[in-house]
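Accompanying notes for the structure given below.
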Amino acid sequence: MSQVWIFPFIIAGGILQAAGAPINGALKASLVNPWLASGVSFLLVTFLAIALFFMQPTPLPTLDDLRSMKWWAPLGGIVGAVAVFAGLTLVQKVGVGTLNGLTICANLVASVAIDHFGLIGVAEHPISVLRLIGTVLMMAGVALVMRF
């Protein structure tokens, strides 16, 4: 991917993610069972990923790649499932702004901690006063969205 598309792609992903909770909430309302709705949602993602894999099947991991993989590396989908399940079951109770605001704020706080301590295999990126101020401002902004 060209460097010029990185930030617009991330922004588009964020916009789509904001719409994901109410879309999944509508799916849950129609299918009634939250586990069935989650399954349908992830089944579609699985089919898309498989189709994209068949369109571009290389590179493939070597045995050494698989042997050196961290035990927790395949768990990202389960982590994402928690956010999807929270969205489809709670968006109608708290609203999209509150749900996504809390999600994004929690994500930012955890991300700053992960960067600072170099957790989960990322390079250390120590917290600075400005990053801390930005995190606090984000928390204040979410509190305002929730309050008003």
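What to note about this one:
- Filter result for F117 (modelled with pLDDT of 95 or more and in the same structural domain as L16 (by TED's automatic domain parsing)): no
Rundown of residues vs (1) assigned by TED's automatic domain parsing to the domain that holds G141; (2) over 20 Å from the mean Cα position of the chain (by Cα); (3) surrounded by 10 or more Cβ atoms within 10 Å (Cβ to Cβ), yes/no style:
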| residue | (1), (2), (3) |
| --- | --- |
| L31 | no, yes, yes |
| S38 | no, no, yes |
| F47 | no, no, yes |
| F53 | no, yes, yes |
| Q56 | no, yes, no |
| P59 | no, yes, no |
| T89 | no, no, yes |
| L99 | yes, no, yes |
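- Restricting attention to the range 135-148, the residues being assigned to a helix (DSSP H, G or I) and loosely packed, with under 13 Cβ neighbours inside 10 Å number 5.
- Residue match in the range 16-23 (condition: at pLDDT below 95, exposed (fewer than 11 other Cβ atoms within 10 Å of the Cβ) and hydrophobic (A, V, I, L, M, F, W, C)): yes
- Where helices (runs of 4 or more DSSP H) fall entirely within the range 13-110, those with at least 3 residues that are in contact (Cβ under 8 Å) with a residue 40 or more places away in the chain and farther than 30 Å from S128 by Cβ are at 34-55, 76-94.
The values are calculated or read from the model by the stated rules, or taken from the named source; none is laboratory data. Fair warning: this is a prediction, and the values are worked out from it, not measured in the lab. Neighbour counts run over all protein chains shown; Cβ positions are idealised from the backbone, glycine included.
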